[in-house]
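Novice: Just passing along the structure, written as structure tokens.
The values are calculated or read from the model by the stated rules, or taken from the named source; none is laboratory data. Owing to the predicted nature of the structure, the values given are computational and were not obtained by experimental measurement. Using ideal geometry, Cβ is built from the backbone for each residue, glycine included, and neighbour counts are taken over all protein chains shown. To get the accessible areas, we keep the full protein, side chains included, count just its heavy atoms, and leave off ligands, DNA and RNA. Shrake-Rupley method; radii C 1.70, N 1.55, O 1.52, S 1.80 Å.
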Amino acid sequence: MSMALVMHNKEALNKQQMDSSKYVRYTPEQVEALERVYAECPKPSSLRRQQLIRECPILSNIEPKQIKVWFQNRRCREKQRKEASRLQTVNRKLTAMNKLLMEENDRLQKQVSHLVYENGYMQQQLHTASATTTDNSCESVVMSGQQQQNPTPRCPQKDANNPAGLLAIAEETLAEFLSKATGTAVDWVQMIGMKPGPDSMGIVAVSRNCSGVAARACGLVSLEPTKVAEILKDRPSWFRDCRCVDVLSSIPTGNGGTIELMYMQTYAPTTLAAARDFWTLRYTTSLEDGSLVICERSLTNSTGGPTGPPTSGFVRAEMLPSGYLVRPCEGGGSIIHIVDHVDLNVWSVPEVLRPLYESSKMIAQKMTMAALRHIRQIAQETSGEIQYGGGRQPAVLRTFSQRLCRGFNDAINGFLDDGWSLMGSDGVEDVTIMINSTPNKFLGSQYNASMFSFGGGVLCAKASMLLQDVPPALLVRFLREHRSEWADYGVDAFAAACLKSSPYAVPCARLGGFPSSQVILPLAHTVEHEEFLEVVRLEGHAFSPEDVALARDMYLLQLCSGVDENAVGASAQLVFAPIDESFADDAPLLPSGFRVIPLDPKTDGPAASRTLDLASTLEVGPGGVRPAGEADLSNYNLRSVLTIAFQFTFESHLRDNVAAMARHYVRSVVGSVQRVAIAIAPSRLDSNIGTKSLPGPPEAVTLAQWVCGSYRIHTGGELFRVDCEADDALLKQLWNHSDAIMCCSLKTNASPVFTFANQAGLDMLETTMVALQDIMLDKILDEAGRKILCSEFSKIMQQGFAYLPAGICVSSMGRPVSYEQAVAWKVLNDEDSNHCLAFMFINWSFADDEQR
């Protein structure tokens with residue numbers, strides 16, 4: 001009995017000791033000391049915890065194991081707190097989105113009820129009219145019904161000098177705007193792909209069967225209404241087509257609002273039409289529920305109000321009641337309703353461009369969605385959700401993008417009040433040359449004073465062309481990723497000369513110079529990745545001593561936008577400007593580039609999803625044959641207009657020389673783009689599917705001729721025997737040759753970079769034609785192979801070829817590859833100039849396969 005009691009007491013004592021060691025009650029001083037350490041290092045090591053106990057006497061009675069448990073619990077609580085905060089944020093977004101969707105549902109139900117009632121009324125009228133009148137009277141009834149659907153308000157003339165009259169216009173504009181934003185005044189159709197959700201941009205719709213073109217959007221942002229209103233009123237910061245906005249008069253109203261008389265100029269998107277301007281009244285006020293409203297409309301003869309300033313070179317467009325409704329959201333943030341409704345005076349543009357000015361989707365992309373995206377971008381930057389590298393502030397990066405777009409738009413439009421003037425043509429009107437000899441208009445904005453220190457100016461060569469069945473996003477992505485297909489390194493070097501202390505130290509560029517390669521370095525992108533800002537490093541490859549001075553690395557600041565093929569109605573553009581290595585925040589920019597604008601909407605056929613691989617984009621054989629199994633894109637019917645603009649600085653006495661070079665260069669670029677467009681345009685599937693056609697760039701057949709011809713000239717033998725006399729027979733046999741044949745460009749101060757390989761070469765390197773351009777020759781050769789190549793290099797350049805002994809190289813995946821012999825030879829072009837180096841690895845195989 002006593003033994004049992006003793007055992008029970010021991011167990012109780014042990015349990016008490018275990019509980020006391022498991023649960024420790026910390027004093028406030030101890031917690032404060034631990035929190036200080038946690039703020040510095042949330043996960044301290046064992047040595048750090050022991051050091052903490054030694055340095056803090058108040059923690060001396062706590063075991064190191066308990067200190068470790070405290071930090072584990074503290075990290076767990078922090079994680080739970082962050083997760084709870086995130087869930088609360090998501091819950092607020094979902095609650096607000098649910099409210100938004102319920103309101104949208106109510107609006108749609110009202111619209112359905114209205115249409116049902118109107119349909120019944122129309123049927124009754126038609127039935128009555130058919131029994132008593134002729135068909136002509138029936139048509140009158142139908143037309144009167146359509147006029148009732150979209151009535152045009154007729155406003156009495158307002159006294160231009162009477163603030164009360166302006167307030168009446170403002171209140172009328174407010175009512176009409178709200179009826180579009182939250183009512184059924186316009187028949188809205190939701191845009192494809194705009195699905196609502198807590199992280200989506202919002203609900204976007206376009207107009208149907210209304211005067212002018214209109215777009216509407218509503219979404220959530222984490223900024224307060226006053227901040228949102230401030231951003232939206234700064235239109236030039238987010239509307240890329242806005243040239244300037246001038247507030248000519250501001251009148252406060254009795255209800256705490258403001259009436260502003262505004263004049264706005266917008267850029268023309270192409271060289272084929274005039275720019276637009278607007279004379280509007282903007283009314284800013286607040287509603288009873290705390291919402292902020294910014295509404296705007298044009299002042300015309302029908303609305304009344306003061307007459308706007310006269311302008312030349314612009315076509316006056318009309319803004320119908322539009323604006324922004326910003327409502328506070330429970331728990332913070334705002335719900336935004338945006339309506340853009342304009343009449344762009346479509347009859348003043350050429351007929352081929354009218355679809356562009358009649359497209360509600362284009363208005364949605366350029367204005368409505370651009371505003372919502374800009375606000376979301378700033379909201380995420382403010383909250384710290386977006387991190388940028390390179391030490392650049394988000395505002396600085398946005399400014400770079402704005403300056404690139406603005407400089408490119410200035411080049412396309414060439415406004416007289418900016419100092420641009422037309423230069424005489426050479427008899428062919430395909431390329432327009434404009435010059436600007438008044439640099440004081442640009443100093444401190446796009447350009448640099450050093451550009452004009454020699455009494456020169458800026459020259460712009462531009463052209464526009466119509467493209468058929470070419471997806472804008474696909475074309476721009478190809479131009480971005482394959483710059484060598486259209487650009488000339490010599491011209492790039494001349495364009496970059498404006499950044500030097502002596503801008504004209506570089507001689508005038510010669511077209512068709514030595515080749516180059518590019519490396520794209522990402523800099524920033526927008527939230528939805530519809531726009532990319534990046535730095536492009538151009539590497540020149542010199543073959544002759546006179547080219548070494550020009551074969552230096554150059555840098556471009558580049559903006560690429562609209563490359564999402566699912567963005568309905570969106571234009572795509574690639575804009576770039578030379579920069580120097582310092583790349584300061586106020587670096588001078590002289591932008592050039594491409595813009596591709598769709599003119600017709602896509603059909604219901606499948607969207608093009610072709611790869612931008614330089615090889616696979618050109619898999620088109622004779623008669624337009626495409627590989628079997630590929631989607632039939634014959635229903636793809638899309639017209640688009642391509643606008644090209646290149647800017648150069650010039651010295652006064654060299655103006656004509658620079659103009660001739662620029663004109664010739666733009667024509668060369670147009671020709672290259674046309675070849676690329678033909679290659680990537682979807683075509684019909686031929687009923688007689690043949691063998692898979694060969695990959696290669698537009699010059700692939702020519703390159704094959706150069707490779708084989710140079711081999712014959714240097715070695716005296718034939719690379720292989722051609723069995724057919726067809727144009728592409730040589731390329732076919734080169735592509736299907738069993739030995740690995742590849743070409744690389746050389747640079748005096750850098751490693752050779754591969755530019756082409758046949759199928760065996762791609763298999764040996766375990767890569768694709770796109771990734772091939774990122775592989776350098778010295779990375780695949782072992783140390784012995786590099787030494788042999790260096791020792792034989794002079795022989796190759798003098799004699800034209802050299803035989804290399806058996807050796808080992810490495811594929812891009814790190815696998816060893818053995819070969820029995822290699823041949824290296826110079827490839828000469830039609831002018832007998834060095835084009836590249838060719839290598840042939842004979843009887844190659846993977847070393848690990850041999851061991852097995």
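Novice: So how many residues does the range 130-140 have that are assigned to a helix (DSSP H, G or I) and either open to solvent by 80 Å² or more (accessible area, probe 1.4 Å) or modelled with pLDDT of 70 or more (or both)?
Specialist: Going residue by residue through the range 130-140, those that are assigned to a helix (DSSP H, G or I) are 130-132, 135-140.
Keeping just the survivors that are either open to solvent by 80 Å² or more (accessible area, probe 1.4 Å) or modelled with pLDDT of 70 or more (or both) gives 131-132, 135-136, 139.
Count: 5.
Novice: Tell me which residues, restricted to the range 478-495, are farther than 24 Å from Ala659 by Cα, at pLDDT below 90 and open to solvent by 20 Å² or more (accessible area, probe 1.4 Å).
Specialist: Residue satisfying the conditions is Glu481 alone.
Novice: What residue, among those in the range 557-578 that are open to solvent by 10 Å² or more (accessible area, probe 1.4 Å) and among the aliphatic types (A, V, I, L, M), is modelled with the lowest pLDDT?
Specialist: Ranking the qualifying residues of the range 557-578, first place goes to Val568.
Novice: Would you confirm whether or not the range 326-339 contains a residue that is closer than 20 Å to Leu261 by Cβ, out of contact with any Phe, Trp or Tyr (no Cβ under 7 Å at 6 or more places or on another chain), of a type outside the set (Val, Ile, Thr) and surrounded by 21 or more Cβ atoms within 10 Å (Cβ to Cβ)?
Specialist: Keep residues of the range 326-339 that are closer than 20 Å to Leu261 by Cβ, which gives none.
The answer is no; no qualifying residue exists.
Novice: When the range 786-823 is examined, which residues are found to be free of Cβ contacts under 8 Å to residues at least 24 places away in the same chain and more than 25 Å from Ala847 (Cα to Cα)?
Specialist: Listed by number, the residues that qualify are Ser791, Phe793, Ser794, Lys795, Gln798.
Novice: A follow-up question, please. Restricting attention to the range 358-380, does a residue exist that is free of Cβ contacts under 8 Å to residues at least 24 places away in the same chain and either touching a helix residue (DSSP H, G or I) at 6+ places or on another chain (Cβ under 8 Å) or more than 17 Å from Ser571 (Cβ to Cβ) (or both)?
Specialist: Checked against the condition, which is being free of Cβ contacts under 8 Å to residues at least 24 places away in the same chain and either touching a helix residue (DSSP H, G or I) at 6+ places or on another chain (Cβ under 8 Å) or more than 17 Å from Ser571 (Cβ to Cβ) (or both), the range 358-380 yields no hits at all.
Novice: What is the number of the single condition among (1) closer than 13 Å to Leu166 by Cα; (2) surrounded by fewer than 20 Cβ atoms within 10 Å (Cβ to Cβ) that Leu281 does not meet?
Specialist: (2)
Novice: Looking at Ala379, Ala371 in this structure, which one is open to solvent by less than 20 Å² (accessible area, probe 1.4 Å) and at pLDDT below 90?
Specialist: Numbers: Ala371 fails: at pLDDT below 90.
Only one candidate passes the filter, namely Ala379.
Novice: Only one of (1) touching a strand residue (DSSP E or B) at 6+ places or on another chain (Cβ under 6 Å); (2) within 30 Å of Ser222 (Cβ to Cβ); (3) open to solvent by 40 Å² or more (accessible area, probe 1.4 Å); (4) modelled with pLDDT of 90 or more fails for Asn345. Which number is that?
Specialist: Every condition holds for Asn345 apart from (2).
Novice: Please determine, by comparing only the residues of the range 223-234 that are under 30 Å from Ala572 (Cβ atoms) and either over 29 Å from the mean Cα position of the chain (by Cα) or not β-branched (Val, Ile, Thr) (or both), which one is modelled with the lowest pLDDT.
Specialist: By that ranking, first place goes to Leu223.
Novice: Quick one: Gly390 ticks every box in (1) at pLDDT below 90; (2) open to solvent by 40 Å² or more (accessible area, probe 1.4 Å); (3) assigned to a helix (DSSP H, G or I) bar one, so which box is it?
Specialist: (3)
Novice: What is the residue count in the range 752-796 for residues that are open to solvent by less than 20 Å² (accessible area, probe 1.4 Å) and polar (S, T, N, Q)?
Specialist: Total satisfying the criteria: 1.
Novice: Can I ask one more? Can you pull out every residue in the range 23-40 that is under 48 Å from the mean Cα position of the chain (by Cα) and open to solvent by less than 100 Å² (accessible area, probe 1.4 Å)?
Specialist: Hits for the range 23-40 are Glu35, Val37, Tyr38, Ala39.
Condition check ((1) open to solvent by less than 40 Å² (accessible area, probe 1.4 Å); (2) at pLDDT below 90; (3) not in a strand (DSSP E or B)) across all residues:
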residue: Arg216; (1), (2), (3): yes, no, no
residue: Pro236; (1), (2), (3): no, no, yes
residue: Ile251; (1), (2), (3): no, no, no
residue: Gln265; (1), (2), (3): yes, no, no
residue: Ala273; (1), (2), (3): yes, no, yes
residue: Thr285; (1), (2), (3): yes, no, no
residue: Glu288; (1), (2), (3): no, yes, yes
residue: Val293; (1), (2), (3): yes, no, no
residue: Thr307; (1), (2), (3): no, yes, yes
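Novice: Still on this structure, I have one more. Of everything in the range 267-288, what is within 14 Å of Leu174 (Cβ to Cβ) and of a type in the set (D, E, K, R)? Give them in sequence order.
Specialist: Arg282, Glu288
Novice: Turning to a different aspect of this structure: So for the range 319-336 (the condition being in contact (Cβ under 8 Å) with a residue 12 or more places away in the chain and part of a helix (DSSP H, G or I)), does at least one residue qualify?
Specialist: From the range 319-336, those in contact (Cβ under 8 Å) with a residue 12 or more places away in the chain are 319-336; that's our starting set.
Adding the requirement that they be part of a helix (DSSP H, G or I) leaves none.
For the range 319-336, residues in contact (Cβ under 8 Å) with a residue 12 or more places away in the chain and part of a helix (DSSP H, G or I): absent.
Novice: Moving to a separate point now. Consider only pairs whose beta carbons are under 8 Å apart and that are at least six residues apart or on different chains; among these, list those whose first residue lies in the range 219-230 and is in a helix (DSSP H, G or I) and whose second residue is open to solvent by 20 Å² or more (accessible area, probe 1.4 Å).
Specialist: Pro225/Gly290; Pro225/Leu292; Pro225/Arg327; Pro225/Pro328; Thr226/Leu292; Val228/Leu292; Ala229/Thr284; Ala229/Leu292
Novice: Can I ask one more? Across the range 254-263, what is the total count of residues that are open to solvent by 20 Å² or more (accessible area, probe 1.4 Å) and assigned to a loop (DSSP other than H, G, I, E, B)?
Specialist: The total comes to 3.
Novice: Go through the range 782-847 and tell me which strands (runs of 3 or more DSSP E), entirely inside it, have 2 or more residues that are closer than 26 Å to Ala771 by Cβ. Lay out the reasoning, then the answer.
Specialist: On the way: elements: 801-804, 807-810, 816-819, 821-828, 834-842.
The strands (runs of 3 or more DSSP E) meeting that bar are 807-810, 816-819, 821-828, 834-842.
Residue-by-condition table, conditions (1) closer than 24 Å to Gly457 by Cβ; (2) at pLDDT below 90; (3) among the aromatic types (Phe, Trp, Tyr); (4) open to solvent by less than 30 Å² (accessible area, probe 1.4 Å):
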{"residue": "Thr603", "(1), (2), (3), (4)": "no, yes, no, no"}
{"residue": "Ala615", "(1), (2), (3), (4)": "no, yes, no, yes"}
{"residue": "Gly623", "(1), (2), (3), (4)": "no, yes, no, no"}
{"residue": "Leu642", "(1), (2), (3), (4)": "no, no, no, yes"}
{"residue": "Gln647", "(1), (2), (3), (4)": "yes, no, no, yes"}
{"residue": "Phe650", "(1), (2), (3), (4)": "yes, yes, yes, yes"}
{"residue": "His664", "(1), (2), (3), (4)": "yes, no, no, no"}
{"residue": "Arg675", "(1), (2), (3), (4)": "no, yes, no, no"}
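Novice: Taking the condition of being touching a Ser or Thr at 6+ places or on another chain (Cβ under 9 Å) and part of a loop (DSSP other than H, G, I, E, B), how many residues in the range 309-318 meet it?
Specialist: Total satisfying the criteria: 1.
Novice: If I go through the range 771-793 residue by residue, how many of them are within 42 Å of the chain's Cα centre (by Cα) and of a type in the set (S, T, N, Q)?
Specialist: Final tally of qualifying residues: 1.
Novice: Residue check: is Leu599 within 16 Å of Gly407 (Cα to Cα), open to solvent by less than 20 Å² (accessible area, probe 1.4 Å) and at pLDDT 85 or above?
Specialist: In short, no.
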